[in-house]
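What follows is a short report on a single structure.
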Amino acid sequence: MALIALSSSKNSQKEKLISTSDFVVRPRNVARYCVNRFQKLGSWLNNYNKSRWAIRFKVDKEISIVSLGLYGPPDTLMSKYHIKVEILNEEMTDVLAASEVNKDFKIVDGIFHVEFTSPVAVDPNVWYTASFFITKGHATLGASESGKPSVLVSCGLNSQIPVTFEFLPAKACNTDFQIPEIGFQQNKWNLQLETTT
């Protein structure tokens, strides 16, 4: 138990010891949201072998990216993945954040998320690239005709804050039928609004 020394008065040299256990610390719970850009799965599979998949995205408000959602295996026999996810600048020359995972995924024909170690802050109205490498396994893909170029997500208390995502194929990678979801969290603009309502 740590102790903090405080002066008892301006003219006194005596010190009063206060235990830090007297202070109550309550961490703020930050809400998380998810944007989905595909309406349905595609009808074909892909044999991933050191493949890179990427999309460009931008948002109209300041947020932080916490994870990338990826389509899972078509069956449990093909569920061993080694994956590296990245957030890069639009030209794909500067890696802003990266995370790797090597494990078995048991989600069949669904979406699983790979999280970043820390939230990745992105600025509004700036294009970024979300990318991932996969060196093992098979997975389903999104149906190209169901891909949405723009998606609005309602955030904040009572869903009163709209966040709009826009999507484009990545400049250096034309394989954009993966990364169906991006997980993100609210930043200061949401928290301030929620605490004043």
Next on the checklist: Pairs please, first residue from the range 147-176 and within 18 Å of Val59 (Cβ to Cβ), second anywhere and among the small types (Gly, Ala, Ser) and surrounded by 16 or more Cβ atoms within 10 Å (Cβ to Cβ), Cβ atoms under 6 Å, 6+ apart in sequence or on different chains.
Outcome noted: Ala170/Ala54
Next on the checklist: So, Thr175, is that one β-branched (Val, Ile, Thr), closer than 16 Å to Ala54 by Cα and at pLDDT below 75 or not?
Outcome noted: yes
Next on the checklist: If I ask for residues that are loosely packed, with under 14 Cβ neighbours inside 10 Å and either farther than 22 Å from Val85 by Cβ or aliphatic (A, V, I, L, M) (or both), which ones from the range 158-171 would you list?
Outcome noted: Asn158, Ser159, Gln160, Pro162
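Here's the yes/no breakdown for (1) within 27 Å of the chain's Cα centre (by Cα); (2) aliphatic (A, V, I, L, M); (3) at pLDDT 60 or above; (4) more than 29 Å from Lys148 (Cβ to Cβ):
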{"position": "Ala2", "(1), (2), (3), (4)": "no, yes, no, yes"}
{"position": "Ser12", "(1), (2), (3), (4)": "no, no, no, yes"}
{"position": "Arg32", "(1), (2), (3), (4)": "yes, no, yes, no"}
{"position": "Trp44", "(1), (2), (3), (4)": "yes, no, yes, no"}
{"position": "Asn47", "(1), (2), (3), (4)": "yes, no, yes, no"}
{"position": "Val85", "(1), (2), (3), (4)": "yes, yes, yes, no"}
{"position": "Asn89", "(1), (2), (3), (4)": "yes, no, yes, no"}
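The values are calculated or read from the model by the stated rules, or taken from the named source; none is laboratory data. Treat the numbers as computed from the prediction; the structure is a model and nothing was measured. Positions of Cβ are backbone-derived with ideal geometry, glycine not excepted, and every protein chain shown enters the neighbour counts.
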